[in-house]
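Presented below is the structure to which this report refers.
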Amino acid sequence: MSVTATTPATGIAWPWPVRPQHILLALFLIAYPLVATPFWTVQIGAQSLFFGVIALSLMFLAGYGGMVSLSQMTVAGVAAYMIALFGTNHVNIGFGWPWWAQVPAALIIATAAATLIGVIAVRTAGIYTIMITLAIGVVFFYFTRQNYAIFNGFSGFASVQAPVVLGINWRNPQPFYYLSLGVAAFCYLATVYVSRSTFGLSLQAIRDNPRRMGALGFNVYLHRVLAHSLAGFFAALGGVLLVWMNGRVSPGTIDIGPLINVLVIAVLGGLGRPIGPFIGAVVFVLLDNFAIDLIDPERFNLLIGSVFLLIVLFSPDGLLGLWQRLVGWSSTAGGAGSWRQNRSS
């Protein structure tokens, strides 16, 4: 059973059906920090949310635009570095701006960087898009690592403080979790809305047949660049939360490993629907925190890689696709049982 709302002015049905499972999930997410310890609230809950946001930006590009980008963590890193530069840090490199000036400036610069990456990357396709976005990420990594005048080189920036607004320190476990939840909800709903808008439907049609859409008069190039801009904005929001949680940013934040991790998270959950990256983020964060307790400390990455390979092997659509297949099998089995029962009676 689903519930739809109708706007009084137009009589148009609200496009997102509200089902019981949506309400239960929302209630669970809201109540979660009230019963969880600070570790589970921040290290598991909040971290899963903002990693999910960064992976959502990749899902938007790959799932709706057919463009697999490995530079989404790079864009998040740009936003994180800008927060450290425009605010305060442990070295005398920074402007000391208040948070309400830092955040818009960081988002604008990071989104502009994502747009520039899109301008370059959309001229390619397939494996070449993956390689050129990876190359851009590697270039930015070495640029920050070797530049001491602006980015403080290998050490990066520490002591980056989250804002205190209305007497609330947003780095404290519960406020930071709810901030992350609000950002994740905004990005998720925005992705769903855009995917059903004229732009989103056009982008998906371009993904399926760019030549035909171009013949129909659609600007294929501009659609793809704008997709990179929107995805970059999501990634930038995740980058702001990332630096506020860790209190630091360094070249290690945007190394090749973190770049690949975003792809792993998105693929784990599934690239077909916006909820997929958040599911993948929960699994990845749990493995990242507890795999070292399940296997030899020197080989805990082996467990993470094995889980990833098994999921991709048995379900190319990730955990979400695996769940849908299990539900389909149970429905088929239930239908067959009902048919046999009806026949016997």
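Please treat every number below as a calculation from the coordinates, not as lab data. Since this is a predicted model, take the numbers as computed values, not measurements. Quick reminder, even Gly has a Cβ in these numbers, built from the backbone with ideal geometry, and neighbours come from all protein chains shown.
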Where N is the number of residues in region 65-199, Cα Rg divided by 2.2 N^0.38 Å: 1.20
May I ask which residue of Gly156, Ile304, Asn89 lies farthest towards the positive end of the charge dipole of the chain, with charges of +1 (Lys, Arg) and -1 (Asp, Glu) on Cβ and the Cα centre as origin? Ile304
Pick from Ala110, Ala162, Ala205: which residue has the top mean-square fluctuation in a GNM of the chain where Cα pairs under 10 Å get a spring? Ala205
Potential lengthening between Leu309 and Leu286 on full extension [0.36 nm per residue; Cα-Cα distance subtracted]: 6.6 nm
Residues listed by number, region 250-264, amide nitrogen under 12 Å from His90 label point at 7 Å toward C-beta: 250
Treating only the Cβ atoms of Lys and Arg (+1) and Asp and Glu (-1) as charged, compute the dipole magnitude of region 38-277 about its Cα centre; round to the nearest 20 debye. 380 debye
Along its principal axes, what span do the Cα atoms of the chain show, with the longest given first and each in whole Å? 83, 55, 52
For region 213-281 and region 27-93, what is the separation of their Cα centres, given in Å? 10 Å
Where Rh is the Kirkwood radius over the Cα pairs of region 47-127, the temperature 25 °C and the viscosity 0.890 mPa s, what D in µm²/s does Stokes-Einstein return? 176 µm²/s
What three numbers, in Å, describe the spread of the alpha carbons of region 100-153 along their principal axes, ordered from the longest? 37, 27, 11
